[in-house]
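The values are calculated or read from the model by the stated rules, or taken from the named source; none is laboratory data. The model shown is predicted, which means the values in this text are computed figures rather than measured ones. We place every Cβ from the backbone using ideal geometry, glycine too, and count neighbours over all the protein chains shown. Heavy atoms of the whole protein, side chains included, go into the accessibility calculation; ligands, DNA and RNA do not. Shrake-Rupley method; radii C 1.70, N 1.55, O 1.52, S 1.80 Å.
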Amino acid sequence: MVFSNNDEGLINKKLPKELLLRMLFSLLLTFTWSNPECTKYVRSIGLDSFCNVAWNILALDGSNWQRIDLFNFQTDVEGRVVENISKRCGGFLRKLSLRGCIGVGDSSLKTFAQNCRNIEHLNLNGCTKITDSTCYSLSRFCSKLKHLDLTSCVSITNSSLKGISEGCRHLEYLNLSWCDQITKDGVEALVRGCRGLRALLLRGCTQLEDEALKHIQNYCHELVSLNLQSCSRVTDDGVVQLCRGCPRLQALCLSGCGSLTDASLTALALNCPRLQILEAARCSHLTDAGFTLLARNCHDLEKMDLEECILITDRTLTQLSIHCPKLQALSLSHCELITDDGILHLSNSPCGHERLRVLELDNCLLITDVALEHLEHCRGLERLELYDCQQVTRAGIKRMRAQLPHVRVHAYFAPVTPPTAAGGGGPRLCRCCVIL
């Protein structure tokens, strides 16, 4: 290999630019440039000149910068940085992450939108300065946008969704989590124009009601993933409508939708057989009957969060064990009716033997060391949560870990309350004090 002081050296002619960039980064990481011997060697073969010239050429060539992630520099990134990047990269830039860049506002993103019209993937998570103006700019100039993350952009309103629906009709993924000004009218405007949406995240959009789900049902027949966490106004009626219009659903989060009943699980079971992920934490009205029907119809279930589904019993675990062989992660925290027998069924099932990786049993008060013996059959288990399982002992955990040394067990054992001091006036330590 020949290194030359001019940019027409053989290495520059023969190697792809992407490989040259990787080589330059490796050189920066490998050589100790402050060491005189290293510096002398680098100069002796002309590598320092090559690095200087090649770096300038490659770094200033916008075609080499199709994907940029500025998350690690989030506190330093200001609007002018984004403007300079957009001017340098222009139409070559396809993917940009500004996650956490709180110094970036509407003006710089307008310049970005004008210069980078081929952008497909844009992450603005936590860019709290932006308003509807940014979405207007994206709508006007970035028609190829497919993936947009606006998490915690709290100034976003329904007007943004109307603009996006008119100019970004190829959108497939949209995250509006914690944009709490969004209402059913904004959702209707969005889905009328963006009918190819495959993933829609609406966590914490607390103004949404059943009518928003009916709009999704009418227009988003390709929807695969929907997150409605903490949308507490949603009821069974909305979920039933949603399931009828979105049969391709694979992931659904209903955690915190506290008024839902088995009617929602029935709708999922009868209309969404491809379901793989269901999060239903704090849905305290769901029962074994609903989960039985779900398990018998949705055999591809892989992850389930049933925390605080306080009415379910071992019967639900029996049905999941029989009908859901792909189950990998299951949260049963605060499901206080679950016993060792339910864990026995789970452990002896195909999913227990082959697939189960994560099991959360926090505050399952009837679980004992016997359940841990059953879990020794789950050879793939990686993480087990046992906080406040008061009948589980250190000895039981130690025996299980002897059989499954790779498993991470998270547990808490309250310290013994110290005896009352002579005279009865001594202080007693509560558990909270010990934790703090």
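Each Lys and Arg Cβ is given +1 and each Asp and Glu Cβ -1; about its Cα centre, region 306-381 then shows a dipole of about 440 debye.
Close amide H contacts of THR368 (hydrogens built in the peptide plane, cut-off under 5 Å, sequence separation of 5 or more or a different chain): ASP340. Once the 1.4 Å probe is applied to the protein heavy atoms, region 302-352 comes out at 35 Å² accessible per residue. Once both labels are positioned 7 Å from their Cα atoms along Cα-to-Cβ, the gap between SER155 and GLU354 label points is 5.3 nm. Quick check: Cα centre of region 320-374 to Cα centre of region 197-255, how many Å? Centre-to-centre (Cα) distance: 29 Å. In sequence order, region 76-90 has phi-based couplings of 9, 7, 10, x, 5, 4, 5, 4, 5, 4, 5, 5, 6, 7, x Hz under the Karplus curve 6.51 cos²θ - 1.76 cosθ + 1.60, θ = phi - 60°, and Gly or Pro positions carry x. Note on ASP237 and ARG140: the model spin-label points, each 7 Å out from Cα along the C-beta direction, lie 4.1 nm apart. Along region 184-196 the Karplus relation, 6.51 cos²θ - 1.76 cosθ + 1.60 evaluated at θ = phi - 60°, assigns HN-Hα couplings of 4, 5, x, 4, 4, 4, 4, 6, 5, x, 10, 7, x Hz to successive residues, with x for each Gly and Pro. Label positions at ARG195 and GLU166, each projected 7 Å from the Cα along the C-beta direction, are separated by 2.0 nm.
Highest average first, the peptides 323-331, 338-346 ordered by how many other beta carbon atoms sit within 10 Å of their residues are 338-346, 323-331.
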